[in-house]
Amino acid sequence: MRKIHEIVWIAGVEYRKWFSLKKMLILLFSILFLGEYVFSDMACVAEETGLLVNLLEPMDLVLSFQFYMLVIPLIFIVLLSGFPDKSGGNIFVMMRVKRRIWLAGQFVFGQLVGVTCLGAFFAASFLWIGKDVVRQNQWSEFMTDTYERFPEIYGQNDRLFLESGTMSHGTPVRVMVMGVLLMLAYLLVMLQILCLFRLMERRKLGLLITMGITVVGATAVSYIKSLKWIFPLTHAIFGEHFDKFYAQPLVPLWFSALYFTVLNGGLLFANLYLVKRCQIADEV
């Protein structure tokens, strides 16, 4: 219990330090981007067709389409560009806990930031879509009937609709839960890479690598089909596990869970090795 208390304490200290006006402005900018490019357009099409949108569908869409969900990890990386903080202000923390406890607290803090980002996007989707929504665990007529009833509108706005493979293999709640869990697993990979290069005194290289993995991964999903499963971003997208036309399973979800477990386990081993040898308080 003491170790858990120490981990939570460190995470809380870091989270309070992180929560600033500058960080919130960066997050607000990303919210406005998704709000105007995705949520607002969905609301307009719903109003034009007279079909209601399920309350969870806007975020289901963001978590299911690589070029929408790309915003989340990129903003996350920018918000944690200095992760982990091993400056002089953390001397008192390192004197009170073991280095491994400190590292665990840093990762819990990073996941708290990820949950904060996702929560902010959820709240924004509710605001943009409005009160006239479907509140039940089944896909709305907006997702299922627009293609047949309004083919021209659908053709002009196909980026606002979930693929058949996603809807065939999950309800709005299941897609949401799986999407969030897969995203958090992906963000943990990004955290560990940032930490790895930070401990090696290569912070900028870590930023470039995490951003590069994210952008190249999103590109591979659409344009490099033979290599896309190498990248963690593909495994983080629920709908990519199924054929979008025939809704047949392509890669089982358990395989992606195993992929993230092995990848995060390997990165954790490297970070545990480095944290015992790094210099804390080497910066002002």
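Which value results when the Cα radius of gyration for the stretch 146-227 is divided by 2.2 N^0.38 Å?
Cα Rg divided by the expected 2.2 N^0.38 Å: 1.53.
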Q) What residues have an amide H closer than 5 Å to that of residue 134, excluding those fewer than 5 places away on the same chain, when H is modeled at 1.01 Å from N in the peptide plane? A) 53, 54, 55
Q: Taking the Cα atoms of the stretch 168-209, report the difference between the largest and smallest coordinate on each principal axis, in whole Å and largest first.
A: 46, 14, 10
Q. With charges only on Cβ, +1 for K and R and -1 for D and E, what is the dipole size of the chain about its Cα centre, in debye, rounded to 20?
A. 2000 debye
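Rounded to the nearest 0.05, what FRET efficiency do residue 277 and residue 115 have when you use their Cβ-Cβ distance and R0 = 25 Å?
Calculated transfer efficiency: 0.25.
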(Q) With only alpha-carbon atoms in the gyration tensor, what are the semi-axes of the equivalent ellipsoid for the stretch 192-244, in Å, largest first? (A) 27, 10, 7
Q. Plugging the Kirkwood radius over Cα pairs into Stokes-Einstein for the stretch 171-284, at a temperature of 4 °C and a viscosity of 1.567 mPa s, what D comes out in µm²/s?
A. 84 µm²/s
Q. With the dipole of the chain worked out from charges on the C-beta (+1 for Lys and Arg, -1 for Asp and Glu) around the Cα centre, which of 79, 221, 9 lies farthest toward the positive end?
A. 9
Q | Kirkwood-based shape ratio for the chain, expressed as Rg/Rh from alpha carbons | A | 1.01
Q: Give me the distance between the Cα centres of the stretch 49-75 and the stretch 148-183, rounded to whole Å.
A: 8 Å
Q. Cβ under 14 Å from residue 132's Cβ, residue 132 left aside: what net charge do those residues give with Lys, Arg +1 and Asp, Glu -1?
A. -2
Q | residue 168 versus residue 135: modelled label distance in nm, points set 7 Å from Cα along the beta carbon direction | A | 3.3 nm
Q) How much mean residue ellipticity at 222 nm does the chain get from its helices, if each DSSP H run of length 4 or more adds -39500 (n - 2.57) and you divide by all residues, to the nearest 500 deg cm²/dmol? A) -21500 deg cm²/dmol
Q.
If I take R0 = 41 Å and measure r between the Cβ atoms of residue 202 and residue 36 in this structure, what FRET efficiency does the formula 1/(1 + (r/R0)^6) give, to the nearest 0.05?
A. 0.70
Q: Select from the stretch 1-89 those chymotrypsin sites (Phe, Trp or Tyr not before Pro) which occupy a DSSP coil region and have at most 16 other Cβ atoms within 10 Å, ordered by residue number.
A: 19
Q: Write down the radius of gyration of the stretch 1-129 and its Dmax, each obtained from C-alpha positions, in Å.
A: 18.3, 62
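Can you give the longest run of the chain that contains no trypsin sites (Lys or Arg not before Pro) sitting in a DSSP loop with at most 10 other Cβ atoms inside 10 Å?
1-130
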(Q) Show me, bin by bin at 5 Å from 0, the whole-percent P(r) of the stretch 98-197 based on Cα pairs. (A) 2, 10, 14, 17, 17, 12, 9, 7, 5, 3, 1, 1, 0
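Only the coordinates and a few stated rules stand behind these numbers; no lab work does. As the structure is a prediction and not an experimental result, all values here were calculated from the model. Every residue, glycine among them, receives a Cβ derived from its backbone with ideal geometry; neighbour counts consider all protein chains shown.
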